[in-house]
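What follows is a set of notes on a single structure, which appears directly below.
The values are calculated or read from the model by the stated rules, or taken from the named source; none is laboratory data. Bear in mind that the values here come from a model prediction, so they are computed numbers and not experimental data. Cβ atoms come from the backbone with ideal geometry, glycine included; neighbour counts cover every protein chain shown.
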Amino acid sequence: MRFSLVDQILTLEKGKSITALKNLSLAEEYLQDHFPGFAVMPGVLMVESIVQAGAWLMRYTNDFEYSTILLKQTKAIRFNSFVTPGKQLKVSLSIQKWDGNLCTLKATSEVEGETAVSGRIVLEQFNLRDKTPSMAENDADRVKDLRTQFGQLWNPNRQTTS
């Protein structure tokens, strides 16, 4: 199952920063179990929202050169607030360091102006064909799909409200 935890990209500056939104609705399947009677977005999915936003920044910066971006490390992650249905998680990241295929990003997220999660993450980018040359077609298909999804998330001419 794939969780898309970025609903809209609000701002995007190539090689620098991104701000994105995740709208949490009661229709999110995982909320039925987390927690009954007090539905909240699991902390690991709040971090995944940060990871996905950071990956969009890296893809945009590198013109979708890599098919795969994975979380390599988290640093000093702090959870400060819950995200409940009907609320928006606003995620902001800025690039702190980029060394080869590893990118360190400073992340903050908030709900209604209150910090929800903050910390730093390290993401790694690569192509599947680098280790398995026969996967080159999979890379191409993945990049094509990612470009389509990105077009749905980011429209620099769209008026945004936050």
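When the range 13-39 is examined, which residues are found to be modelled with pLDDT of 95 or more and either at negative phi or surrounded by 15 or more Cβ atoms within 10 Å (Cβ to Cβ) (or both)?
GLU13, LYS14, LYS16, SER17, ILE18, THR19, ALA20, LEU21, LYS22, ASN23, LEU24 - these are the residues of the range 13-39 that are modelled with pLDDT of 95 or more and either at negative phi or surrounded by 15 or more Cβ atoms within 10 Å (Cβ to Cβ) (or both).
Going through the range 18-60 one residue at a time, which ones are acidic (Asp, Glu) and either under 16 Å from ARG120 (Cβ atoms) or touching a residue at least 60 places away in the same chain (Cβ under 8 Å) (or both)?
GLU48
Considering VAL122, VAL117, which residue is touching a residue at least 60 places away in the same chain (Cβ under 8 Å) and in contact with a Lys or Arg (Cβ under 9 Å, 6 or more places away or on another chain)?
VAL117
List, please: which pairs have Cβ atoms under 7 Å, are six or more places apart or on different chains, and start with a residue in the range 128-146 that is closer than 15 Å to GLU65 by Cβ and end with one that is in a helix (DSSP H, G or I) and among the basic types (Lys, Arg)?
Once the first residue is closer than 15 Å to GLU65 by Cβ and sits in the range 128-146, its partners that are in a helix (DSSP H, G or I) and among the basic types (Lys, Arg) give ALA136/ARG129; ASP139/ARG129; LEU146/ARG59.
Checking ASP63 against (1) among the charged types (D, E, K, R); (2) touching a residue at least 12 places away in the same chain (Cβ under 8 Å); (3) at positive phi, which single condition isn't satisfied?
(2)
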